[in-house]
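Structure record follows, encoded as structure tokens.
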Amino acid sequence: MASVNFNNINFYNTQGVKQITPQSTSVTIPEEIKTNTKPSFRATAYESAVTVRTSLVTKDEKNKYEDLVNELDLDHRKKLEFALKSGLLLKNNSNDKSTVLDNLHKILKEERDPGLDKINILKECLDILANPYVITQTAEDIPPEYQRQVIGLITGLSENPQEIAKAKWDLENLHTGTCPAASIEFDLATKHTAEFFRMVEGLTSPKNEVEKTIKMDNLSEKSSDAIWLLTKFKTPHQMLDFNTAKILLKPDENAIIRARIQNHHRDKGERSMIDVLMQSMLMQVGSQQTYNSLTDKRAPNAWTQEDGGLIDFEKTYVESVVEDKNTTSVTYQIVDENGRLKGYEKDFSTIKKDLLDTLKMGHNIIIGYTWPDPENGNRLAGHEITIVGYKVNPNGEGIFICQDSDDEVAAPIEMSEKYLLPKIHHAGLPEEIASRNNQYEDSWKIGLDEFQNNQQTKLSA
């Protein structure tokens, strides 16, 4: 599990728009919760219903489907048929209203990146359509025949033996910190399916990029603040009118190296080409375009001195931009200046209601949960997962159904509410749920003030 040191990190109750300050009183930490460690859960089956078009109607659809069938093996023809019968294949919830079928056909018929095989890409697409829980953040190894070149890229062709040895060790022991990006990737694949595969088509094309039109009021109520946000995160954009902008989404330049290696050398359980490119693109958006896929590092910035994964403020910006939706991140835990848990902003029954009401609206919920790290003075470490459902077991116990991109299990897992609720540091919720019974202000103003304060501190130091 990729740990994030919660010490010396500024946490923001942010979304694309608001900062939440709960009105309810703080809650004392139950004694038994303080000693809990990282969970281990067995996977169970879980499927969500799909109610969209399930039959090919036009001649164009039938021809595209036949073209795909003719290029696939039996196993992936069955997955293509499943995608059609489940309603996924003809979904058109994409930025340009193209369907999943349209984008799979473009992958087949149009030029791909010269290092990526179009049939392999199609197979990965169909694997995700059949089971999106195959999405993983598990790092791929670099085969020996490529290590010299990759180490040269990491070290800048240094001949220093210590730098070379360190780069080699880092490569051989890499465990990605892309859990927020993998969680957003999963959410895109399951809730914005056609848009996900439109992005896959663009990222695997020779340009390795995709354009997207977004609504500015999904970032902030004030257009000026939304523009500040796009500029501060260095997201390439062009204003189309007062409330819409066209943005450019790209992975970092080294991501294609890892993707090309995975085209021929992917081991079981490792990230796919799609995972590599999608997670790099999402990390780039959140890290102000500073992510390096070879080292899984990003540059520190005004909000964090960490060089690993995305913090809450950054993750929520990414989620709001790439999914073009108004998401609010609500912080439930109170963390002291030493990175240790002090209490809670809301009681557990209120947290549970927030989560269940969000699920009833048809949303997944990306959460950050924490545990005391005994190897770091019991400071909190954290991980991002996605809640996709809820049930009550025969014993009457509430169970959250989750996706974890770092559990090496290509299936949903179950976490009891008794276990999970005390561990939730933050959760991405719809604004209408996040803002009820709370007072809030524009979070981008908070972010701007924090940035300016940090800059003044540096100048006066």
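Each reported figure results from applying straightforward, stated rules to the coordinates on display, with no laboratory input. If you're wondering where the values come from, they're calculated on a predicted model, not measured in any experiment. We place every Cβ from the backbone using ideal geometry, glycine too, and count neighbours over all the protein chains shown.
May I ask you to compute the full-extension gain from Asp141 to Glu111, defined as 0.36 nm times their residue separation minus their alpha-carbon distance, rounded to one decimal in nm? Present the calculation step by step, with values, prior to reporting the outcome.
Values: separation 30, 0.36 × 30 = 10.80 nm, distance 2.73 nm.
Full extension of this stretch gives 8.1 nm more.
By how many nm would the segment from Glu221 to Lys78 lengthen if fully extended, with 0.36 nm per residue of separation less the alpha-carbon distance? It would help to have the intermediate numbers written out before the result.
Numbers: separation 143, 0.36 × 143 = 51.48 nm, distance 4.59 nm.
So the chain would gain 46.9 nm between Glu221 and Lys78.
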Positive minus negative residues near Gln288 (Lys, Arg vs Asp, Glu; Cβ under 10 Å):
+2
Set of lysines near Lys166 by C-alpha distance (under 18 Å), chain-local residues within fewer than 8 positions excluded
Lys297
Within the set Lys191/Lys352; Lys59/Lys79; Lys222/Lys352, which residue pairs have Cα atoms separated by over 26 Å?
Lys222/Lys352
Once the in-chain neighbours fewer than 8 apart are removed, the aspartates and glutamates whose Cα is under 16 Å from Lys342 read Glu31, Glu32, Asp373
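Using the beta-carbon distance between Lys268 and Asn393 and R0 = 41 Å, what value does 1/(1 + (r/R0)^6) give for FRET efficiency, to the nearest 0.05? Walk me through the numbers before you get to the answer.
Values: r = 31 Å, r/R0 = 0.76.
Calculated transfer efficiency: 0.85.
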